[in-house]
Amino acid sequence: MKPGPKSRPETPWLLAFGAHPDDIEFGCGGAIAVETRAGHAAHFVICSRGEAASHGTPARRTSEAKRSAALLGATVEFLELDGDAHLERRVAQAIKLAGVLRRLRPRIVLAPSPEENQHPDHSRLGQLVRDAARLARYGGVKELRAKAPHAVDQLLFYAVTPDAEPSAIPPVLIDISAPEIVAAWTAAMEVHVSQTRAREYVELQLTRARLCGLRAGVGRAMALFPSVPVVLDSLAHVCRGARGF
Ligand SMILES: [Zn+2]
């Protein structure tokens, strides 16, 4: 792994949103490690400090999130919304997140899946980020006029748990097989000791990546779900298809 930037990149290529301090790492940490290793600056915006969790204090969760982001070569900031377990889908929150998009101007955005039947904050944040990606483009939103409109190239959803994988969206499968990628991702997950003590979350995610890899015909892979169809300039940019079976 290349060491991460010391301070927040002015315009990160990749911006990942998480509802709680471990969502990004568990949901899409392998895919992030691939990008930071390739030299793409990545930044995390975490929208609570896990204060409603059964395990771990907010201070400890914050510390774990900072160390984990560093292991993935990413910078991190915390954003106050409604608080852990209290997130609501409101226009004011979408505008706040759109303001973040205008300030940071990323090309690629990752957010939790809007699929329900999981922690309600996850799906609500996914919906809010989807709304925010649209509002960030609209020049006439008066609350956002301080910064120029910004259109992200693509918003992709990640699934923190298998239940959150959207059945209606064909996934993009990211090959995360390289040993240094798996090692960095595993280390980033294991930093969240307050969470991994209670449940075998790391094993769950590594097993999911192995199953996804079998589907893709590689060692390990991670599924991301584009919020809108991916547009290509040419069929020459089509990578291989999944052909594990
Ligand atoms: Zn969570």
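Within the chain, count lysine pairs with alpha carbon atoms under 27 angstrom apart where the residues are 8 or more positions apart or belong to different chains.
7
Under the classification rounded if a/c is under 1.5, otherwise prolate if a/b is larger than b/c and oblate if not, where does the chain fall, given a ≥ b ≥ c as square roots of the Cα gyration tensor eigenvalues?
rounded
From the residues GLY56, TYR201, ILE32, which one has its Cα farthest along the dipole of the chain in the positive direction, the dipole being from +1 and -1 charges on Cβ of Lys/Arg and Asp/Glu about the Cα centre?
ILE32
Expressed as a rounded percentage, what relative contact order does the chain have, with Cα pairs under 8 Å and six or more residues apart?
Working: 505 pairs, mean separation 54.9, N = 245.
Contact order relative to length: 22 percent.
With every protein chain left in place, what is the accessible area per residue of the chain in square angstrom, probe 1.4 Å?
48 Å²
In the range 209-240, which trypsin sites (Lys or Arg not before Pro) fall in coil by DSSP and have 10 or fewer other Cβ atoms within 10 Å?
ARG240
Can you show me the helix-derived [θ] at 222 nm for the chain, built from DSSP H runs with n ≥ 4 at -39,500 (n - 2.57) apiece and divided by the number of residues, rounded to the nearest 500.
Calculated from helices alone, the mean residue ellipticity at 222 nm is -12000 deg cm²/dmol.
When the chain is modelled as a GNM with alpha-carbon springs shorter than 10 Å, which of SER227, SER113, SER167 fluctuates the most?
SER167
The values are calculated or read from the model by the stated rules, or taken from the named source; none is laboratory data. Being a predicted model, the structure only gives us computed values, none of them experimental. As a convention, Cβ positions derive from the backbone with ideal geometry for all residues, glycine included, and neighbour counts pool all protein chains shown. SASA here: full protein model, heavy atoms, side chains in, ligands and nucleic acids out. Shrake-Rupley method; radii C 1.70, N 1.55, O 1.52, S 1.80 Å.
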